[in-house]
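Student: Next up is a structure, given as structure tokens.
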Protein chains: 2
Amino acid sequence: MNFDCLKTDNSARLSRLYLRNIIDLPAFMPVGTQGIVKALLPGMLNDIGYNLMLSNTYHLYLRPGVDVIEALGGLHKFGNFNGSILTDSGGFQVFSLSDLRKVTPEGVRFKSHIDGSYHFFTPEKVLDLQFRFKSDIAMVLDECPAYSLEKSFVDKSLNITLNWARRSALVEKPDTSAVFGIVQGGIFEDLRKKSALEIASMNFDGIAIGGLSVGESPQEMYDTVASVIQYLPKDKPRYAMGVGRPEDIVRLVGYGIDMFDCVMPTRNARNGYLFTDFGNINIKNAAYAKDESPIDEHCNCYTCKSFSRAFLRHLYKAKELSFYTLATIHNLTYYYNLMHLIQQAIMDNRFGEFSKSFLEKRRYGDS
Amino acid sequence: MNFDCLKTDNSARLSRLYLRNIIDLPAFMPVGTQGIVKALLPGMLNDIGYNLMLSNTYHLYLRPGVDVIEALGGLHKFGNFNGSILTDSGGFQVFSLSDLRKVTPEGVRFKSHIDGSYHFFTPEKVLDLQFRFKSDIAMVLDECPAYSLEKSFVDKSLNITLNWARRSALVEKPDTSAVFGIVQGGIFEDLRKKSALEIASMNFDGIAIGGLSVGESPQEMYDTVASVIQYLPKDKPRYAMGVGRPEDIVRLVGYGIDMFDCVMPTRNARNGYLFTDFGNINIKNAAYAKDESPIDEHCNCYTCKSFSRAFLRHLYKAKELSFYTLATIHNLTYYYNLMHLIQQAIMDNRFGEFSKSFLEKRRYGDS
């Protein structure tokens with residue numbers, strides 16, 4: 001993996017990641033938990049412009065299992081995705097989906113949310129799984145402490161995460177996979193600093209900031225990122241995991257974050273919430289029953305070029321599966337275009353102005 | 001509407017229907033109940049080759065309502081479908097979906113399965129609704145008696161249906177809509193004959209045979225069609241409503257049927273049953289867990305050209321929405337190709353041979 005920073009505009013960075021494809025950063029990664037973005041065919045992702053997707057190790061390990069994916073030639077070939085794939089380590093899902101888990105210095109034992117079977121993840125094992133998936137970017141195993149935890153617990157958790165990171169840094173990796181370390185530490189500035197300095201000192205290809213979007217306020221999130229980013233090396237990509245709302249992305253690009261992922265555009269789409277620059281639209285509103293206009297008349301997506309709000313509302317009310325596809329295409333196009341506008345603004349040295357005007361516009365909408 | 005019979009091979013007919021598009025017959029119509037085929041985008045239907053779809057008056061009348069569809073320019077424009085649309089009359093759904101209904105000589109009163117509201121359909125009203133939808137083919141209101149009913153009840157029901165048909169034949173229609181009459185009469189040969197002779201004598205553009213696929217055995221269905229078809233005019237298209245399995249379609253083309261519709265390819269797809277010439281595949285079978293081959297290596301559909309059985313099984317098990325799209329594309333391609341092979345066989349005067357060999361092949365498969 002190579003990383004080139006092409007241009008900065010204050011702290012915002014325009015850069016490139018060389019994986020299986022060239023990825024223009026700042027980039028948003030759609031979430032394809034099971035190896036495919038929900039309700040989309042893989043080619044639709046390419047049609048929008050995406051060539052990097054995130055998939056979930058926890059889900060794919062439990063079903064269909066690494067043996068199946070390996071036998072079918074890896075995740076890209078299995079799902080016929082023409083692009084690069086970042087996989088998370090499974091750590092976050094172990095803590096959010098499994099109803100029984102036990103962390104030891106060695107690793108984490110957990111119960112499958114699918115069939116109740118028991119499994120054990122270690123830092124070495126989750127990297128091996130991701131290498132066998134042929135992930136382009138593998139993430140290290142970490143523990144993501146709950147937002148509500150007291151500092152002493154977060155500190156203890158961080159020590160385990162840092163120990164796991166040290167072990168991860170020793171794992172031999174194939175040439176085709178990059179490995180990213182993860183900064184934790186909750187909302188505690190000194191813990192974040194300690195974590196950032198340690199992770200930055202290890203030989204990872206990129207640095208992620210984890211433990212965001214877990215219940216803290218937007219301002220706490222921004223403050224956490226601001227406090228961490230000063231300790232991160234300039235020559236590695238920086239990834240804010242699980243972030244976020246368009247507003248959050250614009251803010252964090254301003255602090256120097258390069259990569260994002262979030263279920264928001266795809267999950268909101270399936271719930272009828274559609275993104276526009278003038279705020280979000282809730283397609284079930286009666287006001288759209290006979291509305292001939294597209295979701296957003298300035299949008300260039302297939303959905304906006306083909307269908308009225310009235311038809312989309314009809315599909316949503318009738319629970320037609322096509323609605324989920326059409327809404328997902330629109331929301332992911334919105335995010336893609338946003339990243340493109342951000343890149344353009346950094347290129348033109350006017351990111352600050354773009355950011356201000358964007359955050360102002362997004363205040364309106366019906367939801 | 002124009003209808004040209006180009007060629008016959010014994011009773012099988014190769015013909016053409018001139019609607020908004022030219023429709024090659026024998027044809028299968030995918031079911032797009034709410035104005036769209038479940039899990040497909042409208043362009044995918046065209047990509048497979050379909051240019052005629054069936055939609056349901058009952059559903060569209062209840063939601064989004066004729067006012068909405070009319071305000072948006074009719075059903076084709078509303079759903080952005082580049083092809084022709086046949087709408088059923090709503091009669092069948094009133095009898096199968098509404099939990100409360102009362103038939104009078106005037107029409108049928110029923111309770112919406114969506115919100116419990118009461119509605120009244122008359123022969124004149126359902127045609128008016130379909131004309132306002134801009135349907136290319138509108139169906140007359142009929143009563144479809146249950147398979148289990150005694151002859152005296154079926155006779156009484158038929159008299160109402162015939163009276164409604166006479167009233168329907170008097171309704172003035174727009175130039176752009178054809179109207180088809182419907183033969184009923186259950187499995188009673190004399191009632192079917194009476195119905196066929198009466199419907200054939202009216203000025204309909206085509207003749208449908210209703211009351212099929214309602215619980216009778218395949219042989220009873222074939223016998224019913226055989227007994228009816230001798231009374232039908234040769235210069236009008238003949239449509240077997242709600243039929244059916246690939247085997248049924250091949251059989252009934254042999255009797256002289258030109259048009260078919262059925263939820264089977266689309267509904268079976270969503271349940272994991274995939275059609276092939278060597279029988280149906282149940283994708284959840286463990287045998288496919290690591291199967292690199294496509295559903296059918298001879299199939300030219302997007303799904304078979306892009307994905308393995310192993311990946312499709314994974315999507316099905318994970319309840320990924322994309323599965324429904326991919327499986328529907330395959331099954332509708334199977335039906336489309338079947339109709340194409342049927343047309344070719346009639347053209348080449350070898351439909352009998354085709355039919356025999358097809359019915360033999362379809363005996364195998366895992367479900």
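The values are calculated or read from the model by the stated rules, or taken from the named source; none is laboratory data. Not measured: the values here are computed from a predicted model. Note that each Cβ is placed from the backbone with ideal geometry, even for glycine, and that neighbours are counted across all protein chains shown. Note: areas computed on protein heavy atoms with side chains; ligands, DNA, RNA excluded. Shrake-Rupley method; radii C 1.70, N 1.55, O 1.52, S 1.80 Å.
Student: Among the residues in region B:108-124, are any β-branched (Val, Ile, Thr) and open to solvent by less than 10 Å² (accessible area, probe 1.4 Å)?
Tutor: There is at least one residue in region B:108-124 that is β-branched (Val, Ile, Thr) and open to solvent by less than 10 Å² (accessible area, probe 1.4 Å).
Student: Still on this structure, please answer the following. Regarding region A:46-59, can at least one residue be identified that is in contact with a Cys (Cβ under 7 Å, 6 or more places away or on another chain) and over 21 Å from A:HIS330 (Cα atoms)?
Tutor: There is no residue in region A:46-59 that is in contact with a Cys (Cβ under 7 Å, 6 or more places away or on another chain) and over 21 Å from A:HIS330 (Cα atoms).
Student: Further, regarding this structure: Report, by residue number, each residue of region A:36-58 that is open to solvent by 10 Å² or more (accessible area, probe 1.4 Å), at the interface with another protein chain (Cβ under 8 Å from one of its Cβ atoms) and of a type in the set (A, V, I, L, M).
Tutor: A:LEU41
Student: List pairs: first residue in region A:152-164 and closer than 20 Å to A:VAL179 by Cα and open to solvent by 10 Å² or more (accessible area, probe 1.4 Å), second residue outside any helix (DSSP H, G or I) and among the aliphatic types (A, V, I, L, M) anywhere in the structure, Cβ distance under 7 angstrom, at least six positions apart or on different chains.
Tutor: Filtered contacts from region A:152-164: A:ILE160/A:VAL103.
Student: For region B:16-29, state whether one or more residues are within 14 Å of another protein chain (Cβ to nearest Cβ) and within 17 Å of B:VAL263 (Cα to Cα). Walk me through how you get there before you give the answer.
Tutor: Quick first cut of region B:16-29, residues within 14 Å of another protein chain (Cβ to nearest Cβ) only: none.
No: region B:16-29 contains no residue that is within 14 Å of another protein chain (Cβ to nearest Cβ) and within 17 Å of B:VAL263 (Cα to Cα).
Student: Now for a separate question. Taking only pairs six or more apart or across chains, which ones have beta-carbon atoms under 8 Å, a first residue in region A:68-88 that is assigned by TED's automatic domain parsing to the domain that holds A:LEU52 and farther than 23 Å from A:GLY49 by Cβ, and a second residue that is open to solvent by less than 10 Å² (accessible area, probe 1.4 Å) and at pLDDT below 95?
Tutor: Hits for this filter: zero, empty list.
Student: Another question, if that's okay. Any residue that is outside the structural domain of A:PRO26 (by TED's automatic domain parsing), under 22 Å from B:ASN80 (Cα atoms), part of a loop (DSSP other than H, G, I, E, B) and not aliphatic (A, V, I, L, M) - is there at least one of those in region A:315-333?
Tutor: yes
Student: I need the full set of residues from region A:81-136 which are within 30 Å of A:ARG16 (Cβ to Cβ), touching a strand residue (DSSP E or B) at 6+ places or on another chain (Cβ under 9 Å) and in a loop (DSSP other than H, G, I, E, B), in order please.
Tutor: The answer is A:PHE81, A:GLY83, A:SER89, A:GLY90, A:LYS134, A:SER135, A:ASP136.
Student: Filter region A:336-363 for residues that are among the charged types (D, E, K, R) and assigned to a helix (DSSP H, G or I) and give the result.
Tutor: A:GLU353, A:LYS356, A:GLU360, A:LYS361
Student: Just a yes or no: is a residue in region B:280-300 within 9 Å of another protein chain (Cβ to nearest Cβ), basic (Lys, Arg) and touching a Phe, Trp or Tyr at 6+ places or on another chain (Cβ under 9 Å)?
Tutor: The answer is no, given that none of the residues of region B:280-300 is within 9 Å of another protein chain (Cβ to nearest Cβ), basic (Lys, Arg) and touching a Phe, Trp or Tyr at 6+ places or on another chain (Cβ under 9 Å).
Student: On to the next question. In this structure, does A:LEU62 turn out to be closer than 29 Å to A:ALA146 by Cβ, open to solvent by 30 Å² or more (accessible area, probe 1.4 Å) and either within 10 Å of another protein chain (Cβ to nearest Cβ) or touching a residue at least 40 places away in the same chain (Cβ under 8 Å) (or both)?
Tutor: Against the criterion (closer than 29 Å to A:ALA146 by Cβ, open to solvent by 30 Å² or more (accessible area, probe 1.4 Å) and either within 10 Å of another protein chain (Cβ to nearest Cβ) or touching a residue at least 40 places away in the same chain (Cβ under 8 Å) (or both)), A:LEU62 qualifies.
Student: Identify the single condition in (1) under 22 Å from the mean Cα position of the chain (by Cα); (2) open to solvent by 60 Å² or more (accessible area, probe 1.4 Å); (3) at pLDDT 95 or above that B:PHE78 does not satisfy, given that it satisfies every other one.
Tutor: Of (1) under 22 Å from the mean Cα position of the chain (by Cα); (2) open to solvent by 60 Å² or more (accessible area, probe 1.4 Å); (3) at pLDDT 95 or above, only one is false for B:PHE78: (2).
Student: Condition first: assigned to a helix (DSSP H, G or I) and surrounded by fewer than 19 Cβ atoms within 10 Å (Cβ to Cβ). Can you find one or more residues in region A:231-241 that meet it? Quick ask: steps written out before the conclusion?
Tutor: Applying the first criterion (assigned to a helix (DSSP H, G or I)) to region A:231-241 yields none.
No: zero hits.
Student: Just a yes or no: is a residue in region B:23-35 in contact (Cβ under 8 Å) with a residue 60 or more places away in the chain and open to solvent by 40 Å² or more (accessible area, probe 1.4 Å)?
Tutor: For region B:23-35, residues in contact (Cβ under 8 Å) with a residue 60 or more places away in the chain and open to solvent by 40 Å² or more (accessible area, probe 1.4 Å): present.
Student: I would also like to ask the following. Considering region B:20-39 alone, what residues qualify as being in a strand (DSSP E or B) and not aliphatic (A, V, I, L, M)?
Tutor: Answer for region B:20-39, where residues must be in a strand (DSSP E or B) and not aliphatic (A, V, I, L, M): B:ASP24, B:PHE28.
Student: Also: Sort out which residues of region A:277-290 are in contact (Cβ under 8 Å) with a residue 24 or more places away in the chain and surrounded by fewer than 21 Cβ atoms within 10 Å (Cβ to Cβ), and write them in order of number.
Tutor: A:ASP277, A:PHE278, A:GLY279, A:ASN280, A:ASN282, A:LYS284, A:ASN285, A:ALA287, A:ALA289
Student: Look through region B:303-326, keep the residues that are farther than 17 Å from B:ALA287 by Cβ and of a type in the set (A, V, I, L, M, F, W, C), and return whichever of them is farthest from the other protein chains (Cβ to nearest Cβ).
Tutor: By that ranking, first place goes to B:CYS304.
Student: Additional query: Can you tell me which residues in region B:137-151 are free of Cβ contacts under 8 Å to residues at least 12 places away in the same chain and in a helix (DSSP H, G or I)?
Tutor: Listed by number, the list is empty, since nothing qualifies.
Student: Please state which of the following conditions B:ASN10 fails to meet, knowing it meets all the rest: (1) more than 18 Å from the chain's Cα centre (by Cα); (2) within 13 Å of chain A (Cβ to nearest Cβ).
Tutor: Answer for B:ASN10: the failing condition is (2).
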